[in-house]
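Reviewing the structure listed below.
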Amino acid sequence: MQISPTIFREYDIRGVADSDLTYDVVMSIGRAFGTWLLRRGVNKTAVGGDVRESTPRLSRTLIEGLLRAGLDVVDIGVVTTPVLYWSQYRLDAGGAVMITGSHNPKDMNGLKLAFNGATLYGDEIQEILRMILADDMADAKRPGELSSVDLKPDYIDMLLSKCALGPRRLKVVADSGNGTAGLMIREYLEALGCEVVSLFDEPDGSFPNHHPDPQQRKNLAALIEAVRREKADVGVAFDGDADRLGVVDERGEMIWGDILMALYWREILPKHPGADVIVEVKCSQSLVDDVKRHGGRPLFWKSGHSVIKAKMKEIKAVFAGELSGHFFFADEYYGFDDSFYAAARLLRILSFTDSTLSELLSDIPHYPSTAEVRIDCADERKFDVVTSLRDKALKDHEAITVDGVRILYPGGWGLIRASNTQPVIVTRCEGRTEADLERVSSDVRRRLLDEGLPAFEWTY
């Protein structure tokens, strides 16, 4: 069996479905993870999948491997990743696997592995690879038992019990991008009491209308047009497996995840004064300045849903998020990333005020910045490149190095880090003024090109 070690990433397993995730590879992952769970006293796991064309094949093979290891499996079918996370609580299952390519190209797919309510990451994922390579996998004399259940109605009921809206009736445009959100989003938002305009809610793994990545502005064109045409209060968009949320305001302006976090923290901090505020290294200084002003204590941390959730548990944080639109509420929810719940929390804020979303955000500091730019760099090389850039930067600048390097300049910062999900290096810059941003972005570009990376253009 040929297996590429690069598909075992920092917080999930991900590769090209047809070439990397072959029958033998996925079967071995099922057997290894099943063995890993059994050794920790777990005998039941849930399995769900997104709408990608390769997902049914991968699901069947994974389940076969889990059963072969001796684990009982509950197949919950085509679901959002948050439903899969919640299934661990609903089914009292110590393990869970979500088959999803998330926002990656449609020829890719992957597996998110969970244990006792937390997703595996780092060395835990590498241990699955080591078990496969060593053939350290159970082959049970008596295979596990397979059952199936549809949890979507119960999930909607749970969400409605967790977050109710105020007196203002909102008009919402929802763009599912032909991903799994379309299975439930209209039903959910209407049950919350909203007037709903639903876009691209027919699940289709070929993603015929636009790619399901709500943090790419080009993917929000239809949502922006619909919000303006319908005179809606807000537009919400979802990635392929609906664990990330994108938002546009009533004017059709895109709201980045860090600015949304500032708004969420304004609701949360009065109830948790002095709380630790985890700030992902990609986030704006706007978030840092605003949470300080409202009594929070910023703490820079790594990117990645698994590592942020782990840090939240370590420091007992009540909320955290990522620029990419992952939001983790532990103040009134389970602490995992759920775009439906995050949307409801935003709608709750709006429903108790007569102000528009743009008005609510108007006094959060705004600093000029680039968008997140992804530069092609082979998986085998990207971490070495970032290490070289970090070491050179530290010779003449202060920097935050919890994840790549966030170079601190007078009047701004520039981030360079290796992606944990794709063969790319991620960069983003910010300045206090447009002139500051120009100085920062020019220097960061020079450093990247000096490492032999391909030429690129900043987007804004």
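Just so it is clear, none of the values below were taken in a lab; they were calculated from the coordinates. Just so we're clear, the structure is a prediction, and the values are computed from it rather than from any experiment. Here the Cβ positions follow ideal geometry from the backbone for every residue, glycine too, while neighbour counts run over all protein chains shown.
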Using helices alone, I'd like the mean residue ellipticity at 222 nm for the chain: each DSSP H run of four-plus residues gives -39500 (n - 2.57), total over residue count, nearest 500. -11000 deg cm²/dmol
Sort 138-144, 76-82 for me by packing, meaning the mean count of neighbouring Cβ atoms within 10 Å per residue, highest on top. 76-82, 138-144
What would the Debye formula give as log10 I(q)/I(0) at q = 0.23 Å⁻¹ for the alpha-carbon point model of segment 286-372, no solvent? -1.41
Quick one: check the C-alpha center-to-center distance for segment 1-63 versus segment 392-460, whole angstrom. 35 Å
Got a sec to turn the phi values of segment 351-367 into Karplus ³J(HN,Hα) couplings, 6.51 cos²θ - 1.76 cosθ + 1.60 with θ = phi - 60°, whole Hz, x for Gly and Pro? 6, 9, 9, 8, 6, 6, 4, 5, 5, 5, 8, 5, 9, 7, x, 10, 10
Share of antiparallel DSSP beta bridges in segment 154-252, in percent to the nearest 5? 30 percent
Which of the peptides 322-328, 269-275 is most tightly packed, and how do the rest follow, going by the mean number of other Cβ atoms within 10 Å of each residue? 322-328, 269-275
Among the aspartates and glutamates, select those whose C-alpha is under 19 Å from the C-alpha of Lys231, and discard any that sit fewer than 8 residues away in the same chain. Asp175, Glu190, Glu195, Asp249, Glu250, Glu253, Asp354, Glu359
Mind pulling the per residue volume of the convex hull built on the Cα atoms of segment 76-122? Å³ is fine. 75 Å³
If packing is taken as the average count of other Cβ atoms within 10 Å, what order do 39-51, 370-382 fall into, highest mean first? 39-51, 370-382
So what is the relative contact order for segment 5-149, in percent, with contacts set as C-alpha pairs under 8 Å and at least six apart? 35 percent
Cα-Cα longer than 20 Å, checked against Lys44/Lys106; Lys112/Lys309; Lys112/Lys382; Lys282/Lys311, kept in input order, equals Lys44/Lys106; Lys112/Lys382
Can you give the Rg and Dmax of segment 154-252 based on its C-alpha atoms, in angstrom? 12.9, 39
Mind listing the long-range amide H neighbours of Ala399? Cut-off is under 5 Å, sequence gap 5 or more, other chains count too, H placed in the peptide plane at 1.01 Å from N. Leu408
What the 20 Å binned alpha carbon P(r) of the chain shows, as percent of pairs per bin from 0, is 25, 58, 17, 0
What Kirkwood Rh does segment 306-428 have if only Cα atoms enter the pairwise 1/r average? Answer in Å. 17.2 Å
Post the alpha-carbon centroid distance, segment 323-367 to segment 104-127, in whole angstrom. 26 Å
Tell me which residues come under 5 Å, amide H to amide H, from Ala46 once H is placed; ignore anything under 5 positions away on its chain. Val74, Gly95, Ala96, Val97
Rg(Cα)/(2.2 N^0.38 Å) for segment 5-149, N = residue count: 0.92
